[in-house]
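Computed from the coordinates by the stated procedures, all read-outs in this text should not be read as laboratory data. All of these numbers come straight from a predicted model, not from anything done at the bench. In this analysis, Cβ positions are derived from the backbone assuming ideal geometry, glycine residues included, and neighbour counts consider all displayed protein chains.
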Amino acid sequence: MNLREEILKEHSKNQTDKIIRYVGDDQRKFDELIHLFLKGEYRVTQRAGGPLSYIAISHPRLIQKHLKNLFQNLQKQNLHNAVVRNTFRLMQYVEIPKSLQGLATDTCFRFLNDRKQPMPSGAFQ
């Protein structure tokens, strides 16, 4: 399967589930997906976030070596809301190493204090 082509094929629950099944718990396939999420063009990064977060939640060991890159990615300007949302979604289910806890804390507070960031759905309910 060509992940990039599948991501661009359509944006649907069925397509997301197809990508999740394909990647499974395979580190090599997951690495390819995270590369698309971090380095792909706008539409690819937006659509790769959903499958990426669900796989990372189910198989947290796959994301460990990419945590620093994910936090560094959040430092970029003009990220699509889906990139931010899916990154923070998966972070709540993985153990953040001590070496990254300062960066994680700073990043979270920066987003919380940014009035331009959209309010997460379900907040304050």
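Here are the numbers for the structure shown:
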| quantity | calculated |
| --- | --- |
| Distance (nanometres) between label positions extended 7 Å along Cα→Cβ at H35 and K68 | 1.9 nm |
| Mean projected area (nm²) of the alpha-carbon convex hull when region 19-76 is viewed from all directions | 3.6 nm² |
| Relative contact order for the chain, counting Cα pairs under 8 Å that sit 6 or more residues apart, in percent | 22 percent |
| Kyte-Doolittle mean at least -1.0, axial Cα span of 24 Å or more - DSSP H helices of the chain | 42-58 |
| Local electrostatic count at L62 - Lys and Arg +1, Asp and Glu -1, tallied over other residues with Cβ under 14 Å | -1 |
| Net charge of Cβ neighbours under 11 Å - reference E41; Lys, Arg +1; Asp, Glu -1 | +4 |
| Protection-proxy order for peptides 82-94, 100-112, 64-76, each taking the mean of Cβ atoms within 10 Å per residue, highest first | 82-94, 64-76, 100-112 |
| Descending Cα extents along the principal axes, the chain, whole Å | 40, 29, 29 |
